[in-house]
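Taking it in order: structure first as structure tokens, then the write-up.
All of the numbers you see were taken from the coordinates with simple rules; none came from a lab. In this text, all values refer to a predicted model and were calculated from it rather than measured experimentally. Cβ placement follows ideal geometry from the backbone for every residue including glycine, while neighbour counts extend to all protein chains displayed.
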Amino acid sequence: MKFLLPILICFCLCSSIFGQNGIQSAINQLAADPSLKHAGFGVCVIDLDNGKIVASHLPEKSLVPASSLKLVGAASAFAMLGPNYRYTTDLQVQGDIDGNGVLKGNIIIKGSGDPSLGSAEWDEAISFEDFLEKFKLSIQQNGIRKIEGYVIGDDAHFSTASTPKTWTLNDLGNYYAAGIHGLNIHDNLYYLQFKQTAQSGQTPPVYSVTPSIPDLHIVNEVKSAGRNTGDNAYIYGFPFTYLRYIRGSIPAGNGYFKIKGAIPDPALVAAQQLQAVLRQAGISISKGATTRRLLDIRREVDNRPAKTIIRQYSPQLIKIIERNLYRSVNLYSEALVHTIGKNKKNEGSTEKGLAAIEEFWEAQNVDMEAGFLEDGSGLSPKNAISAELLANILYKSSQLPHFETFKNCIPLAGRTGSIARKFRGTTAEGRVWAKSGTLSRVRSYAGYVHSVNGGKYSFAIFINNYSGRGSLIRQKLDRFLIDLSR
């Protein structure tokens, strides 16, 4: 046995060296690809056992990461808030209830930034209908038959700057750029349904908007394109404003076609919808629906204390982060940044959240100099981060509590999330945890690998301004992840 031990050690070392050399060879091959001749290309692979870089290409170069940046906010939230953190949404009564069931005051929906409240697209969150029913029943059970005041959506927990300042104007009216508010509802999106036309070139009429948004004014400039051409319609507008232009095209057809837009003021929609449910139940509201923001603008201040009569909890943060990374939900990423800012800097804003995140990782001995972060989701084209920095944050995360839980929130090749159907039958299946990123002329991956030869790595790879089709670049990145897993 004493003769076998050195042989086994030598075999393991050779396997490790071979694996690392193979990774560098794969990187070099990709760097020499003609489609990357004019591109920004950065890669960094770090050994989780010792924190050393085992393979790289321009790892210090700051590049646009796209949605791979979501890993920074997710890892930070795990470390700074904990996987069991929950958001709360309170139904409050402000004022006295007389013997006839008349509330001489206001009903308040007080948010704490829960991005999942009333989600139409996630079964683990309470639905919009169930949320409204639950709050209506609580009001009835407290003997309230009439409200001589407002139904208020209290959105003051976060800043009124609901979208990061470097998001592009072309994105702001669309669901993927829905801002994060102190009170969110229905994923902060509405469904806009068209009645398709049979011929291309015609304007398909808007059939419905769900949920109902009073005062929303739509200018429909959409045209029908060929059948099976997909969703190429975009909505243009700004937070807290109600004029929306819709341009682009949807497929011609004989049915209905649905796109998604960003709700202009989610707190107001929440208050309006609760008001509608209460009125259907025979409870009148004398002053209607409004928000804390609008009352502040009008200087209509009511300093009476408010009493919570029911509290709605969000799913645990681990579930929110899993949903965020599996489905790449920008809203959830921005919620994490704002929540970190509120908890660590007493201000729920992009700026304070990112500042707290930077301070946290610097305290973990991570050099943040190569990070120029503008949001938490990667939607801003002005984000920049080096592959080395992101891979190092992921490496440091592996040394913190709840690492395995965090890692399992990242899509797993061939198994879960956005890469559940990719890499099946390859060495990457079940061995690569990766968050992808896509913007115009940007493709990226970042995450972890447990290779066949026993290596465990964190990695990040970014390609900016490549030549040719994005689908071909993605295939080449997929090939690299397979090589990385060998």
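The table below gives the values:
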{"item": "Proxy reagent accessibility, fewest Cβ within 10 Å first, across CYS409, CYS44", "result": "CYS409, CYS44"}
{"item": "Highest average packing first - 85-98, 395-408, 348-361, 259-272, Cβ atoms within 10 Å", "result": "259-272, 348-361, 85-98, 395-408"}
{"item": "Extension reserve of the ARG279-GLU347 stretch, reckoned as 0.36 nm per residue once the Cα distance is removed", "result": "20.9 nm"}
{"item": "Cα-based radius of gyration of segment 377-416 once divided by 2.2 N^0.38 Å, which approximates compact folds", "result": "1.41"}
{"item": "Which of LEU172, LEU481 has the fewest Cβ neighbours within 10 Å, and the rest in rising order", "result": "LEU172, LEU481"}
{"item": "Cα-based Rg of segment 88-313 normalised by 2.2 N^0.38 Å, two decimals", "result": "1.11"}
{"item": "Computed over segment 373-486, Cα set: Rg, Dmax in Å", "result": "13.9, 42"}
{"item": "Nearest-0.05 FRET efficiency for VAL452 and VAL209, computed from C-beta distance (R0 60 Å)", "result": "0.70"}
{"item": "FRET efficiency for THR405 and ARG479, using Cβ-Cβ distance with R0 set to 30 Å, rounded to 0.05", "result": "0.50"}
{"item": "Fully extended contour minus Cα-Cα distance, from ALA161 to ARG311, at 0.36 nm per residue", "result": "51.4 nm"}
{"item": "Calculated diffusion of segment 235-345, Stokes-Einstein form, Kirkwood radius summed over Cα pairs, 25 °C and 0.890 mPa s, µm²/s", "result": "134 µm²/s"}
{"item": "Order of GLU121, GLU322 under a 10 Å beta carbon neighbour criterion, fewest first", "result": "GLU121, GLU322"}
{"item": "Point-to-point label distance, ASN232-ARG424, nm (Cα→Cβ direction, 7 Å offset)", "result": "3.1 nm"}
{"item": "Computed helical MRE - 222 nm, the chain, DSSP H runs ≥ 4 contributing -39500 (n - 2.57), nearest 500", "result": "-9500 deg cm²/dmol"}
{"item": "Fully extended contour minus Cα-Cα distance, from GLN24 to ASP96, at 0.36 nm per residue", "result": "18.8 nm"}
{"item": "Descending Cα extents along the principal axes, the chain, whole Å", "result": "92, 58, 37"}
